[in-house]
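Report on one structure; see the data block that follows.
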Amino acid sequence: MKMLLVPRLKIQNANGLSSPYTIGFPAMTGWLGAVHALERKLAATEFDYVRFKSVGVVCHKMDLQTHRGDGDFVYSIIGTGNPLIPKTQKGDPYNAERPPFVEEARCHLTVSLVIECEGLGLGLDRFEESINQLVQGRLKMAGGDILSANPVEIIPVDDEKSRRQLLRRLMPGFCLIERRDLMIKAMQDGLDGLDALLDHLAVHHTATEDEYGEVNWESKRREKGWLVPIATGFHGISPLGQVKNQRDPETPHCFAESVVTLGEFIMPYRIEDLYNMLWCYETDMDHNLYLCRQKQPVN
């Protein structure tokens, strides 16, 4: 198995609004979409036979553009300043107004991507050079601009030693994995989807009184680990068909809503199998689901 390592991508203004309900780390649909765009650009080169089967994302640094002042209860989104629009045709700067805009959550982050390649044979040096040129071109990553990128590298993973060497290259960082199993267990216990999500994210405070009358407080979550809500795809809410002014007239269209579940950030050294960290596309047409799923979930 050959893995393409895209190390230390510095991305500016990535989309931090991962779904209508969550803000923070970009959605998995953004990362898989960026790798799919990279594969389509690669199809215009001599390596049009190479396919990217799955993707792993490791975050090294993230700065969500929010602010909470002294005395504030909630955080506010740091928006970008839009240019003033003159009210007169002469362009008088003293007679101008700021145009209305939609607030967008942004984040600056540094990530490494691990991409499973299929069909790659000889000419690895030329392949790496082509990927470097595409990555450093006008390629978007999760809606953000790539400021800098280290040279990519093809790493064959054939045994335990090569696997550990690859994971060591990803340190320090946090790998995003799916914890759908926690959602399934909570919903089997009687909770609906939203209550199951919030129950695992909430911090529960309990107080106990000892024999001397002193009260001791304990704060913890339902499960251990760095659990976060993540958007992993879309659920179609209308039949496939054609609509007016759709972007691609050749492709069937449907209205959809985001699919949100639980994810967990773990250190790469805890990965026992590379398939535990790799994500791929999966569709369930019977239930109108278009998802990003892990090839082999940890739990």
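No lab work stands behind these numbers, since they all come straight from the coordinates. Computed from a prediction, not measured in an experiment: that's the story for all the values here. Note: ideal-geometry Cβ built from the backbone for every residue, glycine included; neighbour counts use all protein chains shown.
List of remarks:
- Entry note, region 179-262: relative contact order of 28 percent, from Cα contacts under 8 Å with a spacing of 6+ residues.
- The chain pair-distance distribution - Cα-Cα, 5 Å bins, rounded %: 1, 5, 9, 12, 15, 15, 13, 11, 8, 5, 3, 2, 1, 1, 0, 0, 0
- Within region 191-299, the trypsin sites (Lys or Arg not before Pro) that combine a DSSP coil assignment with at most 13 other C-beta atoms in a 10 angstrom radius are Lys224, Lys244, Arg247.
- For a straight C-alpha distance cut-off of 16 angstrom, the lysines reachable from Lys140 (same-chain residues fewer than eight places away being disregarded) are Lys10, Lys41.
- Translational diffusion of region 10-68, µm² s⁻¹ [Kirkwood Rh, Cα pairs; Stokes-Einstein; 20 °C; 1.002 mPa s]: 158 µm²/s
- For region 7-21, putting each phi into the Karplus relation 6.51 cos²θ - 1.76 cosθ + 1.60 with θ = phi - 60° gives couplings of x, 6, 7, 8, 10, 10, 6, 6, 6, x, 8, 6, 7, x, 10 Hz, in residue order, rounded to whole numbers and with x for Gly and Pro.
- For Gly144, the residues whose modelled amide H falls within less than 5 Å of its own, excluding neighbours fewer than 5 places apart on the same chain, are Asn15.
- Top of Ala207, Ala142, Ala14 by mean-square fluctuation, Gaussian network on the chain, Cα under 10 Å: Ala207
- Here is the list for region 161-266: GluC sites (Glu not before Pro) lying in DSSP coil, each with at most 15 other C-beta atoms within 10 angstrom of its C-beta, are Glu211, Glu214, Glu223, Glu250.
- Two-site FRET efficiency, Arg247 against Asp70, from Cβ-Cβ distance with R₀ of 45 Å, rounded to 0.05: 0.50
- The modelled label-to-label distance for the pair Glu160/Ser258, using points 7 Å beyond Cα in the direction of Cβ, is 4.1 nm.
- Counting only Cβ charges, +1 for Lys and Arg and -1 for Asp and Glu, the dipole size of the chain around its Cα centre is about 1100 debye.
- In loop segments of region 180-248 as defined by DSSP, the chymotrypsin sites (Phe, Trp or Tyr not before Pro) with at most 14 further C-beta atoms inside 10 Å of their C-beta are Tyr212.
- All alpha carbon pair distances within region 179-262 were sorted into 5 Å bins beginning at 0; the resulting P(r) in whole percents reads 3, 12, 15, 14, 11, 10, 10, 9, 6, 3, 2, 2, 2, 1, 1.
- Listed residues Leu191, Pro249, Val259: farthest to the positive end of the dipole of region 179-262 (Cβ charges): Pro249
- Approximate spin-label separation Lys61-His36, in nm, with each point projected 7 Å along Cα-to-Cβ: 3.1 nm
- Spatial separation of Cα centroids for region 111-170 and region 223-268, in angstrom: 26 Å
- Integer Hz, Karplus 6.51/-1.76/1.60 couplings in order for region 152-166, x for Gly and Pro: 6, 8, 8, 10, x, 10, 10, 8, 5, 5, 5, 5, 5, 5, 5
- All lysines inside 22 Å of Lys220 as judged from Cα atoms, apart from same-chain residues fewer than 8 positions distant: Lys185
- For region 216-229, the Karplus equation 6.51 cos²θ - 1.76 cosθ + 1.60, evaluated at θ = phi - 60°, returns couplings of 10, 9, 10, 10, 7, 8, 5, 10, 6, x, 8, 8, 9, x Hz by residue, with Gly and Pro reported as x.
- Charge dipole (debye, nearest 20) of region 179-262; +1 at Cβ of Lys and Arg, -1 at Cβ of Asp and Glu: 620 debye
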